[in-house]
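Input: a single structure, listed below in structure tokens.
The values are calculated or read from the model by the stated rules, or taken from the named source; none is laboratory data. All of these numbers come straight from a predicted model, not from anything done at the bench. Cβ: placed from backbone, ideal geometry, glycine included. Neighbour counts: every protein chain shown. Heads up: the accessible areas ignore ligands, DNA and RNA and are worked out on the full protein's heavy atoms, side chains in. Shrake-Rupley method; radii C 1.70, N 1.55, O 1.52, S 1.80 Å.
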Amino acid sequence: MTDNSQFQKKVYESQEDYYNKYKDVDQPRISRIQEFLTKSTNNKKGLKIIDVGCAGGEIIKSFAKDNELFGVDISEAFLKIATKNGLKVKKANLEDKIPFNNDSFDIALCSEVIEHIIGTDKLLSAINRILKMNSELVITIP
């Protein structure tokens, strides 16, 4: 693991308490994103949705009943929570790569993540690579 990867892992592994304390405070933002995703999915079922930098998977977990959910994050603690929330997860440093196949997803969410990434072009290219043609990318920043 590179020095940057070690730093990222240390920072985000230390965020679990913060996440648990503030996820309720963050609910208005989460609700707005969920409302947008509901309109985006247009009641389609069987979609493959990925949350890039998923933390605990709070944002997309409500779509688990009718869709296949995935998440990628550097934090093992967050990935355990995301798994409980119905996401199939992979651990990765988003500064390096997104470990999913090309043309895999119908929707990608990257919420409150990109501002933490140094190589934003590389991240956006990686997200583009894993999205199917005519898919959707939802990005939010603070």
Restricting attention to the stretch 56-76, and to residues there that are in contact (Cβ under 8 Å) with a residue 40 or more places away in the chain and either in a loop (DSSP other than H, G, I, E, B) or open to solvent by less than 20 Å² (accessible area, probe 1.4 Å) (or both), which single residue is farthest from residue 101 (Cα to Cα)? 59
Of all the residues that make up the stretch 117-135, how many are of a type outside the set (Lys, Arg), outside any loop (DSSP other than H, G, I, E, B) and loosely packed, with under 15 Cβ neighbours inside 10 Å? 6
Residue pairs meeting the criteria (Cβ under 8 Å; at least 6 apart or on separate chains; first aromatic (Phe, Trp, Tyr), in the stretch 100-111; second open to solvent by 20 Å² or more (accessible area, probe 1.4 Å)): 100/70; 100/90; 105/48; 105/70; 105/132; 105/135
Tally up the residues in the stretch 54-93 that are charged (D, E, K, R) and under 12 Å from the mean Cα position of the chain (by Cα), please. 6
Can you give me the number of residues within the stretch 83-97 that are crowded, with 17+ Cβ neighbours inside 10 Å and in contact (Cβ under 8 Å) with a residue 24 or more places away in the chain? 8
Contact list please: Cβ distance under 9 Å, first residue in the stretch 118-142 and over 18 Å from residue 105 (Cα atoms) and touching a residue at least 60 places away in the same chain (Cβ under 8 Å), second residue open to solvent by less than 70 Å² (accessible area, probe 1.4 Å) and among the small types (Gly, Ala, Ser), pairs at least six apart or on different chains. 140/111
